[in-house]
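A short write-up of the structure that comes next.
The values are calculated or read from the model by the stated rules, or taken from the named source; none is laboratory data. All figures in this text were calculated on a predicted structure; none of them were measured in a lab. Positions of Cβ are backbone-derived with ideal geometry, glycine not excepted, and every protein chain shown enters the neighbour counts.
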Amino acid sequence: MSLQIIINLVVAIMWMFLAETYSVVSFLKGFIIGALLLFLLRRFIPDAFYLNRLWKMIKLMFLFIKELFLSNIDIVMWVYKPRKDFQPGIFALPIELKSNWEITMLTSLISLTPGTLSVAVSENNEVIYIHAMNIDDTETAIESIKMSFEKAIMEVTR
């Protein structure tokens with residue numbers, strides 16, 4: 001991926017020199033041309049096209065923003081509810097993530113979302129223990145996290 005970024009930047013700079021216009025617009029034209037060349041020649045480059053990964057990172061960011069917004073609404077509704085009948089608890093989330101970076105990213109996203117907190121990671125890095133403010137069904141909570149955050153992180157890193 002880093003080789004593709006370097007190639008794309010070199011093409012953009014070469015485009016500026018060949019066009020003899022040293023401006024941001026000229027650089028962006030060269031960058032777009034370089035990205036198109038990399039896309040057309042992607043079968044000769046061993047790694048996946050790097051702008052796909054960038055797009056998946058942007059999708060992960062918007063997923064987090066959406067979950068943050070929805071969980072904030074849930075928290076406000078719980079705070080202003082006349083009867084406080086929510087059920088806090090801790091549950092174990094089995095994970096498929098392998099690297100420390102992936103696990104750290106998942107635990108951070110979980111902890112930054114209001115209403116949930118990553119308590120601990122098991123010794124073998126296969127389970128994350130999560131405290132949630134309201135657990136109606138642990139299977140639903142596990143499936144929700146696995147299908148949203150864990151799936152998006154695996155798309156970005158693999």
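Annotation note: of Leu63, Leu97, Leu9, Leu36, the sole residue that is hydrophobic (A, V, I, L, M, F, W, C), crowded, with 17+ Cβ neighbours inside 10 Å and at pLDDT 90 or above is Leu97. Within the stretch 101-116, the residues that satisfy the criterion of being touching a Phe, Trp or Tyr at 6+ places or on another chain (Cβ under 9 Å) and over 15 Å from Ile135 (Cβ atoms) are Met105, Leu106, Leu109, Leu112.
Is it fair to say Glu102 is under 13 Å from Ile145 (Cβ atoms) and charged (D, E, K, R)?
No, not satisfied.
Can you tell me which residue within the stretch 71-94, out of those that are exposed (fewer than 12 other Cβ atoms within 10 Å of the Cβ) and either hydrophobic (A, V, I, L, M, F, W, C) or touching an Asp or Glu at 6+ places or on another chain (Cβ under 9 Å) (or both), is farthest from Asn134 (Cα to Cα)? Ranking the candidates gives Pro94 first.
Restricting Ile110, Ile73 to residues that are more than 14 Å from the chain's Cα centre (by Cα), in the same structural domain as Ile58 (by TED's automatic domain parsing) and of a type outside the set (S, T, N, Q) narrows the list to Ile73.
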